[in-house]
Every structure is written in structure tokens, then in C-alpha cells.
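Report on the following structure.
No lab work stands behind these numbers, since they all come straight from the coordinates. Owing to the predicted nature of the structure, the values given are computational and were not obtained by experimental measurement. Note: ideal-geometry Cβ built from the backbone for every residue, glycine included; neighbour counts use all protein chains shown.
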Amino acid sequence: MNRQELEMIGLLGYGENVLISRKASFYAPGKITLGDHVRIDDFCILSGDITIGSHVHISAYSALYGQCGVIMEDYTGLSPRCIVFSAMDDFSGEYLVGPMVDEGKRNLTGGPVLIKKYSQICAGSIVFPGIVVGEGAVVGAMSMVNRNLKAWTIYAGIPVKEIKVRHTIPETTNG
């Protein structure tokens, strides 16, 4: 996608060296901000209130649903087929579900998702609403993140369990 095409999306803001596949989809792009050096691959969906930092890669078939807000800080990433939810329907049977149902008949719950810098969510993982992924945390493939994650720790499983501590990455001074 060239600069003119990027402008036509109608994003709230975007930085330099932003690479977006023409096959990516944006819903409510006026609520989406992208930093510098961001790449968004084929068949990704970004919807709602989303802030993406710099040096971020969102791999193919991933989705960010930001009804209650999603923030991905610098040097973070989503491997293929990840889903980040900031809101969910109540499936108890007491309410109807789905975006085409009147709000008064739904019970939507959620909260902002914060993926702190240097974190990675690996292939096929799901992040639930209201989660904080600590700085430098890594989520193994095919995991379900239903609780906050500590910094510099590796997690995996359904639901995620702590696997081991991860080495920290020294801050770079040249950006």
C-alpha cells in the first residue's frame, strides 16, 4: 500500500515506514493510530479503539477488536492467527449475543488490553478483555490468555501457565 492509499484509509494517525497489506481490513479507522515501522499482513482485521506503537508486526489472519481499547506498545508483535478481544458478549443465556442485536438485549463486558513493550503473542493465541501482558512476556502458540502476565516471563497453555523466566533485552539507545 502506498502513502496515498494509506491516507485514504482514514486512520487517526500513522508514522513513517508503515507497511499495510491491501488485504487488511480496518473498521472505525478514525480510532486507530499506528507508530513508525509498523507492518500489518494479509487478512488482518483492526476494529475500534487501537493504538499500535513503533516496530510492531501483526502477522497474517490476526485480529484486534478494540471496542474497549487495545494498546500494543513498541517492539511487540502478533504471530499468525492471533485474536485480541477487548470486549465479549455474555453467553450465559440470559442475553442475546452479536453485534446486530440491540444493545439493551446484550450484556457486553470487557476492558482495555495492554500489550507492553518487547512482548510477543505467538501463533493461534487468544487474549481476553482487560488483560495486561507484562513487558517482555511471551505467550506460546495456541494459548488462551485469561489473566494478567508478569514481565519477562514465558507462558503457554489453555489457560496460560507460567513456563519460565525470560532473559531481559537491553534497551537500545539508537532507536
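Observations
- Taking all pairs of distinct alpha-carbon atoms in the chain, Kirkwood radius in angstrom: 16.5
- Dipole magnitude (debye, nearest 20) for the range 3-165, charges at Cβ of Lys, Arg, Asp, Glu: 420
- GNM flexibility winner over the chain from PRO112, PRO29, PRO99 (Cα, springs under 10 Å): PRO99
- Backbone HN-Hα couplings from phi across the range 38-55 [Karplus 6.51/-1.76/1.60, Hz, Gly and Pro as x]: 10, 10, 10, 8, 3, 6, 7, 10, 10, 9, x, 7, 10, 10, 10, x, 9, 6
- Cα gyration tensor shape for the range 118-163, rounded if a/c is under 1.5, else prolate or oblate: rounded
- Label zone at PHE43 (point 7 Å along Cα-to-Cβ), backbone N below 17 Å, the range 1-29: 21-26
- Net length gained if the chain between LYS161 and GLU16 were fully extended (0.36 nm per residue, minus Cα distance): 48.5 nm
- Under a 5 Å amide H cut-off, with hydrogens placed 1.01 Å from N, ALA156 pairs with GLY140, LYS161, ILE163 among residues at least 5 apart or on other chains.
- When each of LYS117/LYS161; LYS31/LYS150; LYS23/LYS116; LYS23/LYS164; LYS23/LYS117 is checked by Cα-Cα distance, pairs over 32 Å: LYS23/LYS164
- For the chain: relative contact order, % (alpha-carbon pairs under 8 angstrom, 6 or more apart): 12
- Loop trypsin sites (Lys or Arg not before Pro), the range 5-82, which have at most 11 other Cβ atoms in a 10 Å radius of their Cβ (DSSP): ARG22
- Peptides 140-149, 70-79 ordered by packing proxy, namely the average of other Cβ atoms within 10 Å per residue, highest first: 70-79, 140-149.
- Nearest-0.05 FRET efficiency for ALA141 and ASP89, computed from C-beta distance (R0 41 Å): 0.95
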